[in-house]
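The values are calculated or read from the model by the stated rules, or taken from the named source; none is laboratory data. Keep in mind the model is a prediction, meaning the values are calculated, not measured. Every residue, glycine as well, gets a Cβ built from its backbone with ideal geometry; the counts of neighbours run over all protein chains shown. Ligands, DNA and RNA are excluded from the accessible area calculation, which covers all protein heavy atoms including side chains. Shrake-Rupley method; radii C 1.70, N 1.55, O 1.52, S 1.80 Å.
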Amino acid sequence: MTVESWPTRVCGTMVRMRVTPSTPTVYIVGAGGQLGTALQGRSAQAPDSVVCRPLTSADIDIADETSVAAALGDLGPDDVVVNCAAYTDVDGAESDVDGARRVNATGPAVLAAHTAAAGAWLIHVSTDYVFPGAAPASDRPDGYEPDDVSGEPATVYGATKLAGERAVLDADPRATVVRTAWVYTGGPESRDFVGTMRRLEQARETVSVVDDQLGSPTYCIDLADGLWELVAAGPRAEVAGAVLHATNAGRATWFDVAAAVFEEVGAERSRVLPTTTAEFPRPAPRPAYSVLSGRSWAAAGLTPLRDWRAALHASIAESEGSLP
Ligand SMILES: NC(=O)c1ccc[n+]([C@@H]2O[C@H](COP(=O)([O-])OP(=O)(O)OC[C@H]3O[C@@H](n4cnc5c(N)ncnc54)[C@H](OP(=O)(O)O)[C@@H]3O)[C@@H](O)[C@H]2O)c1
């Protein structure tokens with residue numbers, strides 16, 4: 001049986017095509033956010049013949065069973081749901097525990113129940129903040145491995161995201177959890193760290209940035225390409241029920257990232273001054289060390305994401321249109 005044709009999105013282009021019940025569909029949930037937008041923008045990386053269905057928070061409330069049933073009513077065994085929806089206000093979550101739990105834990109559980117019932121593949125995106133982050137770096141110089149989570153996350157955001165991971169794998173043992181970290185797009189208008197540093201470079205003579213938190217800065221476009229590669233490779237045994245880490249390679253402090261941004265825009269890196277977390281107390285304590293190892297990603301046969309410094313260079317060059 002052929003379903004009515006309707007305008008849809010194939011490989012990033014709005015086209016009118018005939019969609020049959022067997023046309024594999026990739027639902028991008030959280031499509032209005034940073035990663036969801038990048039996934040749509042990079043959908044040329046999607047396998048041929050896959051249909052992309054972006055779902056924003058206007059189309060689906062992941063924590064509401066009725067809303068999920070309506071938005072994913074057609075879900076079938078060839079379909080993929082990439083969940084980029086999350087409550088990402090890390091400081092705000094400290095005083096809105098119920099709100100964070102609803103989106104980061106209940107929502108993924110509801111999605112996983114639906115994908116499990118339909119036999120579809122759920123790819124759920126999570127975070128380095130599931131690690132308490134106090135472990136000395138010397139224990140894990142190449143970063144944490146997926147099974148290293150022990151102890152409670154230090155923040156409500158991290159705790160609710162960890163609860164979401166566990167709920168997903170409980171409800172749908174074929175799902176794949178992909179943790180990432182320190183995601184930025186880097187455009188001059190973007191609200192992420194790199195965009196903020198670009199604006200501060202214009203506005204201030206010096207900027208003080210914490211130099212005692214080590215993590216894995218990740219260019220959102222590289223992450224989106226990695227997720228499309230994962231989708232294209234399919235729900236194989238290596239990734240079914242697995243937790244994978246997908247970040248740009250290497251490690252850096254926020255100070256390192258800020259200094260690199262200044263270099264990239266032709267400013268003196270000495271205008272970025274190192275400071276400490278103690279000097280900048282925030283409602284949610286940031287992990288001192290949350291570097292993620294890329295070993296699980298490579299072991300699943302996926303292309304390692306390039307080094308963070310090369311990715312930062314590319315992000316700024318691409319936002320200025322100076323890379324092809
Ligand atoms: N950004 C980072 O540095 C970072 C680091 C590590 C991991 N991650 C993870 O990466 C994923 C994507 O993050 P991101 O940076 O793209 O976040 P984002 O820009 O904040 O996007 C999150 C999206 O989720 C939507 N959303 C919120 N509640 C929803 C609900 N109940 N139902 C449906 N949609 C809902 C939001 O819509 P509205 O805006 O309309 O509410 C927003 O479009 C998340 O899982 C996040 O935890 C991000």
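General observations
- Taken about its Cα centre, the chain carries a charge dipole of roughly 420 debye when the Cβ of each Lys and Arg holds +1 and the Cβ of each Asp and Glu holds -1.
- For region 242-324, the alpha-carbon coordinates run over 41, 39, 18 Å along the three principal axes, in decreasing order.
- Hull shadow area, averaged, the chain [alpha-carbon convex hull, nm²]: 16.6
- Under Karplus coefficients 6.51, -1.76 and 1.60, residue-wise ³J(HN,Hα) of region 182-192 in Hz, glycine/proline x: 6, 7, 9, 9, x, x, x, 9, 6, 8, 7
- Given charges at Cβ of Lys, Arg, Asp, Glu: the chain dipole, positive-most of ALA252, ALA300, ALA233: ALA233
- Dividing the radius of gyration of the alpha carbons in region 42-201 by their Kirkwood radius gives 0.99 for Rg/Rh.
- Packing order of peptides 307-313, 180-186, highest average first: 180-186, 307-313 (average count of other Cβ atoms within 10 Å over each peptide's residues).
- Annotation for ASP89 and SER150: the two label points, set 7 Å from Cα along the Cα-Cβ direction, are 3.6 nm apart.
- Note on ASP212 and ALA117: with the Förster distance fixed at 51 Å, the Cβ-Cβ geometry gives a FRET efficiency of about 0.65.
- Charge dipole (region 45-148, unit charges on Cβ, about Cα centre) - positive-most of PHE131, ALA109, THR66: THR66
- Shown is the FRET efficiency for ARG191 and GLU263, computed with R0 = 25 Å from the Cβ-Cβ distance and rounded to the nearest 0.05: 0.70.
- Each peptide in 100-106, 263-269, 113-119 gets a packing score, the mean of other Cβ atoms within 10 Å over its residues, and the list from highest to lowest is 100-106, 113-119, 263-269.
- Rounded if a/c under 1.5, otherwise prolate or oblate - region 56-107, Cα gyration tensor axes: prolate
- Dipole of the chain, positive direction: furthest Cα of VAL90, ILE221, TYR144, with charges on the beta-carbon: ILE221
- About the Cα centre, charge dipole magnitude for region 44-201 (Lys/Arg +1, Asp/Glu -1 at Cβ), debye: 160
- Annotation: amide H-H contacts under 5 Å for HIS124 (H modelled 1.01 Å from N, sequence separation of 5 or more, or interchain): ASN83, THR176, VAL177, VAL178.
- Residues whose amide H comes within less than 5 Å of that of LEU273, counting only those at least five positions distant or on another chain, are VAL207, SER208, VAL209 (H built at 1.01 Å from N in the peptide plane).
- Heavy atoms of ILE123: accessible area, 1.4 Å probe, square angstrom to 10: 0
- When the GluC sites (Glu not before Pro) in region 108-212 are filtered for DSSP coil states and for at most 16 other beta-carbon atoms within 10 Å of their beta-carbon, the remaining sites are GLU189, GLU205.
- With the convex hull of the Cα atoms taken as the outline of region 166-324, the averaged projected area works out to 10.6 nm².
- Extended-chain gain in nm, criterion 0.36 nm per residue less alpha-carbon gap, ALA310 and ARG236: 23.6 nm
- Vicinal HN-Hα couplings computed from phi for region 104-116 (Karplus, 6.51 cos²θ - 1.76 cosθ + 1.60; Hz; Gly/Pro x): 8, 10, 5, x, x, 5, 5, 4, 5, 4, 6, 5, 4
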